[in-house]
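Derivation of every value follows stated rules applied to the coordinates shown; laboratory data play no part. On a predicted model such as this, the values are computed, not experimentally measured, just so you know. Cβ: placed from backbone, ideal geometry, glycine included. Neighbour counts: every protein chain shown.
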Amino acid sequence: MLGVTDLDWFEFRSARDAEEVNFWQPGGRSQFRALQPGELFLFKLHSPNNFIVGGGLFGHASIVPISLAWDAFGERNGASSLDEMRVRVARYRREPVDLRTDYSIGCRMLEQPFFCLRDQNQDTPGSSAPGSVCFRGLVMAAVDGDISANAMQSRCAPQSCNAMALKS
């Protein structure tokens with residue numbers, strides 16, 4: 001499974017240790033059923049930075065109000081405050097920012113998250129649309145660029161990953 005994230009979430013999360021993170025979806029309208037607990041979930045950056053920059057093991061998914069996601073995960077949501085998270089969600093929902101709105105969001109809890117160094121980034125497989133913000137299912141052993149689950153985990157092993165700056 002490949003999810004799309006933004007540079008802000010990635011930089012914030014990759015600079016901090018955590019045993020789990022919330023890879024949230026701003027829409028919060030449909031249940032996530034693509035993975036079973038323990039399966040590999042990778043994430044890539046939005047275009048034009050079409051790189052797989054990390055992942056984790058899928059734990060569980062739910063749709064909850066943003067305030068509950070903040071209470072449960074705090075900075076593991078990839079933001080320094082609930083208001084900052086609300087601003088990001090509103091931007092992706094293409095709605096005016098209202099810091100009182102308790103948006104419903106999709107939460108994808110990832111265990112053992114790992115973040116890749118710049119030279120460890122994997123090009124995005126050709127089968128995923130670069131501008132898409134939806135989750136894309138990948139048959140890991142069959143995609144272009146030989147990005148099997150084993151290759152990705154060994155290339156981006158959690159113990160060898162550190163924060164990285166993608167800005168040039």
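Summary of values
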{"read-out": "The stretch 19-121: trypsin sites (Lys or Arg not before Pro) in DSSP loop, at most 16 other beta carbons within 10 Å", "value": "R29, R33, R94, R100"}
{"read-out": "The stretch 37-77 shape via C-alpha gyration tensor axes, a/c threshold 1.5", "value": "oblate"}
{"read-out": "Chymotrypsin sites (Phe, Trp or Tyr not before Pro) lying in DSSP loop within the stretch 1-45, provided at most 10 other Cβ fall within 10 Å", "value": "none"}
{"read-out": "Per-pair calculated FRET efficiency, R0 = 22 Å: A34 and R94 via Cβ, rounded to 0.05", "value": "0.35"}
{"read-out": "Shape of the stretch 1-97, Cα gyration tensor, a/c cut at 1.5", "value": "rounded"}
